[in-house]
1. Can you tell me which of (1) without any contact (Cβ under 8 Å) to a residue 12 or more places away in the chain; (2) assigned to a helix (DSSP H, G or I) is the one residue 282 doesn't meet?
2. Could you grab me the full set of residues in the stretch 12-40 that are loosely packed, with under 13 Cβ neighbours inside 10 Å and farther than 19 Å from residue 69 by Cβ?
3. Please verify whether residue 70 is assigned to a helix (DSSP H, G or I), in contact with a strand residue (DSSP E or B) (Cβ under 7 Å, 6 or more places away or on another chain) and either crowded, with 19+ Cβ neighbours inside 10 Å or touching a residue at least 24 places away in the same chain (Cβ under 8 Å) (or both), treating the condition exactly as stated.
4. Identify, by number, the condition in (1) over 14 Å from the mean Cα position of the chain (by Cα); (2) surrounded by fewer than 22 Cβ atoms within 10 Å (Cβ to Cβ); (3) within 27 Å of residue 201 (Cα to Cα) that residue 124 doesn't meet.
5. Taking the options 255, 188, name whichever one is in the same structural domain as residue 149 (by TED's automatic domain parsing) and at pLDDT 95 or above.
6. For residue 43, work out the one condition from (1) in a helix (DSSP H, G or I); (2) crowded, with 17+ Cβ neighbours inside 10 Å it doesn't fulfil.
7. Does residue 195 qualify as being at pLDDT 95 or above, over 22 Å from residue 307 (Cα atoms) and touching a helix residue (DSSP H, G or I) at 6+ places or on another chain (Cβ under 8 Å)?
8. Against the definition (in the same structural domain as residue 306 (by TED's automatic domain parsing), crowded, with 22+ Cβ neighbours inside 10 Å and over 17 Å from the mean Cα position of the chain (by Cα)), how does residue 205 come out, yes or no?
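The values are calculated or read from the model by the stated rules, or taken from the named source; none is laboratory data. Here the structure is a predicted model, which is why all the values come from computation and not from measurement. Counting neighbours? That spans all protein chains shown, and the Cβs are built from the backbone with ideal geometry, glycine included.
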C-alpha cells in the first residue's frame, strides 16, 4: 500500500476501528516505521520513565493500547462519541497518545509542568493545563462528559481523594461518565502474594501490613512514600482526619531515616503514596458525589480496577 492509499487508511486516528488503531500503535509502527506519522509522537525516555517506569517505546505504546482498550470496554459508549474529554492526571502520557484523531475536545491536566509542556508542544489534538496538588481545578461547572483518571486515586490520601472527587463531580456534565482507577482487592492480593509486585510498589512492610488491616475493615488504606510530591502533611489533612496523624508521623519518620531527609518540608505540601481502596468503601463513600455503576476488578493488566461513575447532580435522577 503506497502514498494516498496509506494516508486514507491510517489518518483517522482513534476514529479507526479499534483493532486497526490498536495494531498500528502497538505493532505497526515498529514493523513499518513509515507508519509513525499516523500516530502520536513518543515523549523522551526520562518522561516515559517518570510516568510509567518504562524506557522502551514499544512497551510504552503497548501500555497505552491496553489502557485504552480497558476504558473502551468499561465505557457505556465508544470513547470517540464523547464531546469533551478530560484526562485527569494525564502525565505525558501513554493514554494521551491514543486520543489522536478524536473528533471532540480533549483536555489533560497534571501537576508536573514538564508533562504539561511536552503535551502542549507535541500533541496538537490536546490541550494540557497545569493544576495544583490541591483543589480546586481550573475548569467550569459541567465542562466534561467524560473524565478519565488513570493511576491518580491510587496515590492519594483520603483527604485529597474527597476533595478531588467533589471537584470532578462539579466539572462533570449531568449525563457524563467518569472512569477512575483504584488499587482494589486484586491489586492488594497480588501485592501480598507476588514479591515482584510488592517490590514494585516500594512500600515499607510494616506500613503495608497496617494498610492491609485497614482494607480488611473496608477503610481507605494509604501508605506514605518518598517522592517528588511528598513533603509534609497539609494542616487541613491533620484537622480533618482525626486519628491519622500518628500513622503519618510514623511513616514520615521512617522515610526521613531511610532517605536521610534533614531539611524542613514546606508547609502545605502534598502526601504521595500507594493507596488501596475496597469496593465496599467506594460504594459507601464515593456515592456522596456519584452513582457507582460498576467496578471492573483488575481491568487494567489484572491489577487496577476501573470504577464507572455518574455524577449526582441536583434535579437529575
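1. (1)
2. Scanning the stretch 12-40 gives 31, 32, 33, 34, 37.
3. yes
4. (3)
5. Working: 255 fails: at pLDDT 95 or above.
Going through 255, 188 in turn, just one is in the same structural domain as residue 149 (by TED's automatic domain parsing) and at pLDDT 95 or above: 188.
6. Looking at each condition in turn, residue 43 falls short on (1).
7. Taking the combined requirement at face value, the residue does not satisfy it.
8. On the way: in the same structural domain as residue 306 (by TED's automatic domain parsing): yes; crowded, with 22+ Cβ neighbours inside 10 Å: no; over 17 Å from the mean Cα position of the chain (by Cα): yes.
No, not satisfied.
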